[in-house]
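One structure below.
The values are calculated or read from the model by the stated rules, or taken from the named source; none is laboratory data. This one's a predicted model, so the numbers in the text were calculated from it and none came from an experiment. Backbone-built Cβ (ideal geometry, glycine too); neighbour counts: all protein chains shown. All accessible areas refer to the heavy atoms of the entire protein, side chains included, with ligands and DNA or RNA removed. Shrake-Rupley method; radii C 1.70, N 1.55, O 1.52, S 1.80 Å.
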Amino acid sequence: MTKSIQQIKQDLNNLESTTAKIAVELENLYQNYLNSLSHSAKQQLVLASYQICTQFYPQSFLGLSLSNRQNLQQVLRKIGIEIEPAVSLIIEQKELDPQPQELNLMAELIKKLPKPKRRKEEKEDSVSEENENKTAEVDFASIKAELEKIEFIELEASSEDELEPENTSSQKLPKQEIDLKNPEHLVLWHKQIERTVKKTLDYTSQKANRCLQDSGIIPDRIPSKIIDVAIQADSNNGGRGSNKQKNSPNIIHLAIESEQDKNKSKSPKNIAQVSLLRLRIAELEFGDPLLNAQRGKLRNLMGEISKLNSQYQIIKQESDVAEAQAAWRSSWYED
């Protein structure tokens with residue numbers, strides 16, 4: 001039996017009322033979670049800095065004068081203190097940012113490939129077949145060359161990201177005010193909060209690594225762009241080339257090969273091992289039982305909101321269909 005428009009509107013009002021109550025609970029949960037996260041991140045930043053200075057670069061730290069050590073520690077403490085106000089502002093943003101556009105890497109690679117030359121009809125079949133094989137070889141070589149540049153493409157795309165706000169067209173798009181009665185908005189708000197938390201932790205990690213590098217702890221021969229990209233990467237292994245280094249929370253280990261060594265395939269590889277600080281949500285939660293428990297509550301509540309969103313989309317579709325049918329009947333007349 002088809003529902004009337006009045007029945008559909010009543011169902012929609014009931015669902016929006018339920019969503020509004022859950023939105024209050026979601027905001028309170030996130031407020032508690034972010035408070036715990038900022039406290040845990042502050043502690044883990046100090047601990048990870050301690051490990052980098054004493055376990056991975058002890059000689060560099062011992063080479064500093066007492067005043068330089070104290071200055072380094074003071075700056076790191078200041079960076080940790082700045083986490084709390086930055087994180088507390090996240091929940092206060094009640095507007096949805098324009099959705100980020102995902103880069104289709106394969107489409108970008110295809111655009112970069114050279115276009116195959118057309119065969120001339122007047123050539124003989126044997127010559128045409130030979131040219132076609134050559135074209136195929138060129139294409140495969142081009143594909144291989146472009147695939148080898150994937151890491152370089154990531155560096156180019158990510159090098160300008162975190163330390164300064166981007167001046168992109170997406171920021172010029174108007175923001176949308178969050179409707180706390182709309183479960184779809186709550187889902188988008190949740191994703192926006194998670195993205196902003198990660199960016200805040202990445203930004204904090206970058207500042208801490210810059211401080212360690214400026215103080216002579218982390219080798220200054222490592223380009224800052226490499227450090228920034230490594231921080232933004234979200235690898236479960238904690239970094240590449242980390243077999244020789246023990247795993248430590250919120251620290252990644254990289255093996256970086258110089259450009260000169262890449263060009264000299266027969267020469268011995270001069271690979272630099274570097275350890276960097278990187279605050280990660282998963283590792284912060286793993287090391288903090290309270291934070292982990294709060295994440296569990298958020299996960300369960302988001303499950304309820306996702307179900308409400310599915311129901312909301314169904315009811316909205318029913319409403320659109322019912323209104324369209326009513327509009328059709330109101331404008332239809334017999335000849």
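Where helices (runs of 4 or more DSSP H) sit wholly within the range 229-335, those with at least 3 residues that are at pLDDT 90 or above and open to solvent by less than 40 Å² (accessible area, probe 1.4 Å) occupy 281-286, 289-331. For the range 33-59, what are the residues that are over 23 Å from residue 289 (Cβ atoms) and surrounded by fewer than 16 Cβ atoms within 10 Å (Cβ to Cβ)? Selection gives 54, 55, 58, 59.
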